[in-house]
Amino acid sequence: MSAETAPLKTNLPVPKKRPDSPWRIAIRRFARNRLAVIGLFIVVFMFLLCFIGPHFSPYDLYDYNKLDKNLPPSSKYWLGTDKLGRDILLRMMLAGQISLLVGLVATSISVIIGATMGALAGFYRKWVDTLIMRIADIFMALPTLPILIILGAILSDLKVEPSDRIYYLMLIIGVLGWSSISRLVRGQILGLREQEFMQATEALGLKDRRKIFRHLLPNTIPIIIVSATLGVAGAIIFESSLSFLGIGVVPPTPSWGNMISSANNLIDFRKRPWLWIPPGMCILVTVVAINLIGDGLRDALDPKMKK
Amino acid sequence: MSQALIEVDGLKKYFPITGGVFQRTVGNVRAVDGVSFSINKGESFGLVGESGCGKSTIGRTILRLLEKTEGKVIFNGQDIHSLSKTKMREMRPKMQIVFQDPFSSLNPRIKVGEAIGEALIDHGLVNRRELKDRVIETLEICGLAAYHYDRYPHEFSGGQRQRIGIARALILNPEFIVADEPVSALDVSIQAQIINLLSDLQREKQLTYLFISHDLSVVEHLCNRIGVMYLGSMVEMASKEELFRNPLHPYTKALLSAVPVPDPTLKRDRIVLKGDIPSPANPPSGCKFHTRCPLASDLCKQQVPEYRDVGNDHFVACHYA
């Protein structure tokens, strides 16, 4: 081998520190955003509260203390009790598990379907694109609330167990939400596939699977993460409204939405605010915090989109 | 002469211009308009011409990164553009490309080691245990180091990225490499390193190059034969020595007169072309070069000059050559 092709004698020492990946740079940028970090702390706190808190509660979800109905907050019941004598704090934490879980799982379903569909449409174009995007159009044109009311009624009619209902709910909210993500992903991929590194994958003769899942989709992850984060907040609100209307999560399974709806008369509303203020605050705080994270992620991952 | 590895026969590539409400085709950009040449095994063929004359389009159409409009590309006796998708994919490792822009030709989210090795996996050319060794070996051949394996592209300089691009092409053991202006995005000091790398690799691995460039001195250093393109057509083709000694086409003469000479006292007659390169969507009649040619006559405006052999393996398309 001749001198020219011998390894370059660079004077640079082998660096000790792990080099920066695009992700690390994004994490650093995120950490500098104070509001987003506060949002992250709040969400982590909500998760800990909802998933670990119940273990420290002296009560049980199905404790009906007939002697302690409608008590205001006290040292015995920190957030009071409801009309069946159940501890509000415990119910609020367990409801949080359901609401957060529905939000996360529903959004994951949307993202998986949406990203795959969008990637296929953007990569193969032609009739695949037309087909998938027309289906997405149909999903976008569906009036969501009436459909959910009908589906909720069907679930009630089929006498689905209340504990199973949340799984159907996750699926329904998830499937109804994929189209907007698929549009985002498709748009990105249409742009990416014209880049020179995609021509390189063609010249190398890589398999379509690798081109899509290793080259194209990772480059769309920033926008997927951002829209998924905001989607979680949306799904939580969605679930709460459905549960409030009595077609989402139904009692005795608690959710933040159906806890609020249990305060649906004027006396409860005015005289017993401990029934609805805690779950209401939970929804508000969680959704605001998630949106803060979403905005922070957008700024960190996709500086070009800023404002 | 040895046997031809690549034969390009009457290759045309038009890009449709669409317009109007219904996206009808209202015209064509004739990026490549009937080009023929062949490249022998182990040879480097240089393709020169100014920006927009269709050099890169030829390179990409030969590799079938673009579909042809007309003509044939024969590689090792097989018509590339008539192969099925599966057959084409199997053919890919034999013909590779090095891109012009080392910044956009590497995926920012894929580590260098994976970027170089992934094609080996997809073609089933190596098992996973040997993979890393092969990649590191290739990195070192291309003048990079083993510890670069786990780095991301943005941590490299332009010259290093170009080495990565070369390693990525080289690891498949190709017979033919299209080098699409591989040095024009690099600093002059780095250009020499990359050119030397390419020429060493050619010697060691008996590679065949199609070297696309707008820099005649680069082509002179690396190529055996040179084709000069103007507005989608080949205007002159000859061996390097012949072309530099005896350029026949006025466009080639103008290009050669523009090569910088490292001697400020030397007086030279620069041939300075007037005007801009015409639009390939609406090329001039007759000889496409007549709008800028110092020798142009009425004949040139009316009649397309024949691309003819003037002996000594020297081809030219000019009425007055």
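The values are calculated or read from the model by the stated rules, or taken from the named source; none is laboratory data. What you see is a predicted model, and the numbers here were worked out from it, not measured in a lab. Ideal geometry is used to build each Cβ from the backbone, glycine not excepted, and the neighbour counts take in all protein chains shown. Side chains are part of the model used for accessible areas, which takes the heavy atoms of the whole protein and leaves out ligands, DNA and RNA. Shrake-Rupley method; radii C 1.70, N 1.55, O 1.52, S 1.80 Å.
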message: I need every pair where a residue in the range B:131-156 that is at the interface with chain A (Cβ under 7 Å from one of its Cβ atoms) and free of Cβ contacts under 8 Å to residues at least 60 places away in the same chain has its Cβ under 6 Å from the Cβ of a residue that is assigned to a loop (DSSP other than H, G, I, E, B) and open to solvent by less than 40 Å² (accessible area, probe 1.4 Å), sequence separation at least 6 or different chains.
response: B:151/A:19; B:152/A:21; B:155/A:19
message: Which numbered condition in (1) under 29 Å from residue B:73 (Cβ atoms); (2) open to solvent by 10 Å² or more (accessible area, probe 1.4 Å); (3) touching a Ser or Thr at 6+ places or on another chain (Cβ under 9 Å) is the only one that residue B:145 fails?
response: (1)
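Each row is one residue, and each column tells you yes or no for (1) more than 14 Å from every other protein chain (Cβ to nearest Cβ); (2) modelled with pLDDT of 90 or more; (3) at positive phi.
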| site | (1), (2), (3) |
| --- | --- |
| A:178 | yes, no, no |
| A:183 | yes, yes, no |
| A:189 | no, yes, no |
| A:192 | no, no, no |
| A:197 | no, no, no |
| A:205 | no, no, yes |
| A:211 | no, no, no |
| A:215 | no, no, no |
| A:219 | no, no, no |
field: Top-ranked residue in the range B:113-130 [being under 19 Å from residue B:175 (Cα atoms) and touching a residue at least 24 places away in the same chain (Cβ under 8 Å); ranked as farthest from the chain's Cα centre (by Cα)]
entry: B:125
- prompt: Out of (1) of a type in the set (Ser, Thr, Tyr); (2) more than 30 Å from residue A:191 (Cβ to Cβ); (3) in contact (Cβ under 8 Å) with a residue 24 or more places away in the chain, what's the single condition that is false for residue A:77?
  reply: (3)
- request: Determine whether the range B:269-287 contains at least one residue that is modelled with pLDDT of 85 or more and among the hydroxyl-bearing types (Ser, Thr, Tyr).
  value: no
field: Number of the condition not met by residue B:135 [criteria: (1) in contact with a Gly (Cβ under 7 Å, 6 or more places away or on another chain); (2) open to solvent by 10 Å² or more (accessible area, probe 1.4 Å)]
entry: (2)
message: Name the single residue that is most open to solvent (accessible area, probe 1.4 Å) among those in the range B:171-181 being charged (D, E, K, R) and more than 10 Å from chain A (Cβ to nearest Cβ).
response: B:175
statement: Checking B:67, B:7 in turn, the sole residue that is within 13 Å of chain A (Cβ to nearest Cβ), farther than 26 Å from residue B:162 by Cβ and open to solvent by 10 Å² or more (accessible area, probe 1.4 Å) turns out to be B:67
query: Looking at this structure, is residue B:218 away from every other protein chain (no Cβ under 14 Å), of a type outside the set (Phe, Trp, Tyr), without any contact (Cβ under 8 Å) to a residue 12 or more places away in the chain and over 16 Å from residue B:254 (Cβ atoms)?
result: no
- prompt: Out of curiosity, is residue B:157 under 25 Å from the mean Cα position of the chain (by Cα), among the hydroxyl-bearing types (Ser, Thr, Tyr), surrounded by fewer than 20 Cβ atoms within 10 Å (Cβ to Cβ) and more than 29 Å from residue B:31 (Cβ to Cβ)?
  reply: yes
Meets criteria (more than 8 Å from chain A (Cβ to nearest Cβ) and within 17 Å of residue B:65 (Cβ to Cβ)) for residue B:98: yes
- prompt: Here are some conditions: (1) surrounded by fewer than 14 Cβ atoms within 10 Å (Cβ to Cβ); (2) touching a strand residue (DSSP E or B) at 6+ places or on another chain (Cβ under 6 Å). Residue A:59 meets all but one. Which one does it not meet?
  reply: (1)
- prompt: Which of the residues belonging to the range B:248-301 are touching an Asp or Glu at 6+ places or on another chain (Cβ under 7 Å) and either exposed (fewer than 12 other Cβ atoms within 10 Å of the Cβ) or not small (Gly, Ala, Ser) (or both)?
  reply: B:248, B:249, B:252, B:277
query: Checking residue B:103 against (1) free of Cβ contacts under 8 Å to residues at least 40 places away in the same chain; (2) open to solvent by 10 Å² or more (accessible area, probe 1.4 Å); (3) not β-branched (Val, Ile, Thr), which single condition isn't satisfied?
result: (1)
Residue B:37 being of a type in the set (A, V, I, L, M, F, W, C) and buried (at least 19 other Cβ atoms within 10 Å of the Cβ): yes
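One line per residue, one yes/no per condition, for (1) modelled with pLDDT of 75 or more; (2) in contact with a Phe, Trp or Tyr (Cβ under 6 Å, 6 or more places away or on another chain); (3) of a type outside the set (Lys, Arg):
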| residue | (1), (2), (3) |
| --- | --- |
| A:59 | no, no, yes |
| A:63 | no, no, yes |
| A:99 | yes, yes, yes |
| A:117 | yes, no, yes |
| A:139 | yes, no, yes |
| A:150 | yes, no, yes |
| A:158 | yes, no, yes |
query: Can you tell me which of B:163, B:168 is among the charged types (D, E, K, R), free of Cβ contacts under 8 Å to residues at least 40 places away in the same chain, within 20 Å of residue A:201 (Cα to Cα) and within 12 Å of chain A (Cβ to nearest Cβ)?
result: B:163
message: Residues to consider are B:129, B:92; find the one that is among the basic types (Lys, Arg), open to solvent by 40 Å² or more (accessible area, probe 1.4 Å) and in a helix (DSSP H, G or I).
response: B:129
query: If we scan the range A:246-259, do we find a residue that is assigned to a helix (DSSP H, G or I) and open to solvent by 40 Å² or more (accessible area, probe 1.4 Å)?
result: no
statement: Selection over the range B:182-207 where residues are more than 11 Å from chain A (Cβ to nearest Cβ) and crowded, with 22+ Cβ neighbours inside 10 Å yields a count of 3
- prompt: Exactly one of (1) of a type in the set (Phe, Trp, Tyr); (2) open to solvent by 70 Å² or more (accessible area, probe 1.4 Å); (3) over 30 Å from residue A:294 (Cβ atoms) is unmet by residue A:45. Its number?
  reply: (3)
query: If the Cβ limit is 9 Å and pairs must be 6+ apart or interchain, which residue in the range A:104-131 that is free of Cβ contacts under 8 Å to residues at least 40 places away in the same chain pairs with which residue that is open to solvent by 70 Å² or more (accessible area, probe 1.4 Å) and not small (Gly, Ala, Ser)?
result: none
message: Out of B:110, B:136, I need the residue that is over 24 Å from the mean Cα position of the chain (by Cα) and not in a helix (DSSP H, G or I). Which one?
response: B:110
